[in-house]
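Structure first, commentary second.
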Amino acid sequence: MATQREILKRIKSVSSTKKITKTMEMISTSKMKKMQIRLSKSKPYVTKLEQVICTLFDSRVPIIDDTLFKIKPMFSNKLILMITGNRGLCGGYNTNVIENTLSFRDQLIADGETQIMLQAIGKKGINYLKFINVPMQKSEANPEDKISFNDAAKLASDLIELFKKTEIGEIYVSYTKVLSSASYKPEIYKLLPISIEEFQKGIPIDARRGLREKYIIEPDPSSMLSSFLPLYITNKLYLNLLESSYAEQNARRIAMKNATDAAVDMVRNLTIKYNRARQAKITNEIAEIVGGAAALE
């Protein structure tokens, strides 16, 4: 049985850990709320941009001439952009994204695709791919809560350039999609080539008709579309990075809250154990005193 000194030392250690996890929980909560505000401001813009592009589609613009719509049947090379965090202590957040990405990669290989390239954002994903000896086309740290629109613009520009000038036929993005303020899941979608059907699926016919009646398109739909598509991809990636960062902070907040609650329970149990050991010691001392007094009589 542990001594009083050992139990007291353990209580102090757990209490110190509890202060750290509580502080981390508060920091994650603060960062999460900031990301939530940025998300709420970014999503309406992306939605409106999709509606405008959908209006251009309905104007019978010759989209086949735009490189970002062109399917490359002769190229089976594919690129998967994986977005993870830089740090741990966030439950299964990073693991879920990595497993989902590798599962999707294995499925593409099973379907007969010859070469699947990976590009990683986030130190956790980079380190894991290095550990299992999976080559990466490119890797960089995740800006996390410091993400700026310029970061997304550079990433979008690099991916568009890669799609246009190399033998990569499709580019996918693997990230964590935010479903609600407390719900999120890992998801993979095709970024390039852009699918017209995906645009039209998300915008109801009535809404598209209303947009056609509302806008006068100048100078012409083709020019407008050429300028909107890179902007759309940039905003889409910016939204993906924001959602991933929000989900990471939320996952870390929950993990730290669970750790803090566990520490509170552990301190409570250790305190009970300490009091019992102290009581047993006092009872034993009283019994020794009473026994000694009885022996003197």
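The values are calculated or read from the model by the stated rules, or taken from the named source; none is laboratory data. Owing to the predicted nature of the structure, the values given are computational and were not obtained by experimental measurement. Here the Cβ positions follow ideal geometry from the backbone for every residue, glycine too, while neighbour counts run over all protein chains shown.
Quick one: which residue in 108, 81 is among the aliphatic types (A, V, I, L, M), crowded, with 19+ Cβ neighbours inside 10 Å, out of contact with any helix residue (DSSP H, G or I) (no Cβ under 6 Å at 6 or more places or on another chain) and at pLDDT 85 or above? None of the other options fit; the residue is 81. Before we move on, is residue 15 surrounded by 14 or more Cβ atoms within 10 Å (Cβ to Cβ), at pLDDT 90 or above and in contact with a Cys (Cβ under 9 Å, 6 or more places away or on another chain)? So residue 15 fails the test. Looking at the structure I just gave you, is residue 16 more than 17 Å from residue 254 (Cβ to Cβ), of a type in the set (S, T, N, Q) and more than 21 Å from the chain's Cα centre (by Cα)? Judged against the criteria, residue 16 is a match. Against the condition assigned to a helix (DSSP H, G or I) and modelled with pLDDT under 90, how does residue 46 come out, does it pass? Spelling it out, residue 46 is indeed assigned to a helix (DSSP H, G or I) and modelled with pLDDT under 90.
Yes/no per residue for (1) assigned to a loop (DSSP other than H, G, I, E, B); (2) touching a residue at least 40 places away in the same chain (Cβ under 8 Å); (3) surrounded by 20 or more Cβ atoms within 10 Å (Cβ to Cβ):
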{"site": "125", "(1), (2), (3)": "no, yes, yes"}
{"site": "130", "(1), (2), (3)": "no, no, no"}
{"site": "142", "(1), (2), (3)": "yes, yes, yes"}
{"site": "150", "(1), (2), (3)": "no, no, no"}
{"site": "153", "(1), (2), (3)": "no, yes, no"}
{"site": "156", "(1), (2), (3)": "no, yes, yes"}
{"site": "160", "(1), (2), (3)": "no, yes, no"}
{"site": "164", "(1), (2), (3)": "no, yes, no"}
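Can you pull out the residues in region 227-262 that are among the small types (Gly, Ala, Ser) and surrounded by fewer than 17 Cβ atoms within 10 Å (Cβ to Cβ)? 227, 262, listed by residue number.
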